[in-house]
Amino acid sequence: MTLPGDERERRWRLILGADSEARQQGAGAGAGTGAGADNGAESGLGGDDLAIDRALAQLYGGGGASTDRKGGLGSSSPNVARWLGDIRRYFPASIVRVMQQDAIERLNLRQLLLEPELLDAVVPDVHLVATLIALNQAMPTETRDTARRVVDQVVQDVMRRLAAKMRQAVQGSLNRAARNRRPRFNEMDWNRTIRSNLKHYQPAYRTVVPEQRIGYGRRRAALHDLILCIDQSGSMASSVVYASIFGAVLASLPSLSTRLVAFDTSVADLSDLLQDPVDVLFGAQLGGGTDINRALAYCESLIRRPTETILVLI
């Protein structure tokens, strides 16, 4: 589809920002027209377009094509909260998350995330949760409850999308992993029993004689032991979020005995916190190093049934 000229120009103007138009006008008008160039840059836009342009300029503008350009959100919480409200109004949620992450990285807003008022204004996502986990130790008491609420929103959303399918897949696999050659009626695996006895089909009676019966294994307290070993160094922050939720879902299955071990250069056993993935995340101590050998040595000490133990290293 070919866009009309005005719409094409509008989109390019929003993409390139005010600097491109200011430079173009400055080249024609000579020096000393900085203020006029800025007014002219805004004159081509109006209404929501002007607000969108200003929101983008605060984050991405200020230095033309320079790779070290900085935005203009300033250092005060009200300015940032206002900017967060603007981008939530004018952009879809997926774009808001990208812009939030860019603001945290480009404008060093980590310190401002320690303020409850600002946390209430952000759109929760996994990357934001990872940043809050990294700031956990520096977080003031009045901010901690707000941060937990933000983290809990993301955790509940991910669990809602993943938990049912994950439980179904794991339970289906474990319940059918063991076989019983002397099953009770309610333990019969009818499909496998019929397939294995087709050779005993009796045409005269139009039936199969089940010479060999196959059933599902009898349930025990735990069919398998599962050990999740998670690298929680700084670069793995997002993985820690997903792995903690994964571990919490698996811990809810009675057929699994689940342990959660987190490590950087030290090792922390977080198994007692698995009932609440938010507690797991705030119990993580994101560091800078990685000692896999030490972590696996600790996991080895947890293994009691080697043939029925699954170790997952993330």
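Nothing in this text is a laboratory measurement; each read-out follows from the coordinates by a stated rule. None of these values were measured; they are calculated from a predicted model. Every residue, glycine as well, gets a Cβ built from its backbone with ideal geometry; the counts of neighbours run over all protein chains shown.
See the values below:
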read-out	value
Cβ-based net charge around VAL122, under 12 Å, with every Lys or Arg adding one and every Asp or Glu removing one	-1
Sequence-distant residues sharing a close amide H with HIS224 (under 5 Å, placed H)	SER257
Spin-label pair ARG82/SER301, simplified geometry with 7 Å Cα→Cβ offset, distance in nm	5.6 nm
Vicinal HN-Hα couplings computed from phi for the stretch 83-90 (Karplus, 6.51 cos²θ - 1.76 cosθ + 1.60; Hz; Gly/Pro x)	5, 4, x, 5, 5, 5, 6, 9
3J(HN,Hα) from dihedral phi, the stretch 290-302, Karplus parametrisation 6.51/-1.76/1.60, rounded to Hz, x for glycine, proline	9, 10, 5, 4, 5, 5, 5, 5, 5, 4, 4, 5, 8
Other-chain or far-sequence residues with amide H under 5 Å of GLN232's (modelled H)	PHE263, ASP264
Integer Hz, Karplus 6.51/-1.76/1.60 couplings in order for the stretch 114-128, x for Gly and Pro	7, 9, x, 4, 6, 4, 5, 8, 7, 8, x, 7, 4, 5, 5
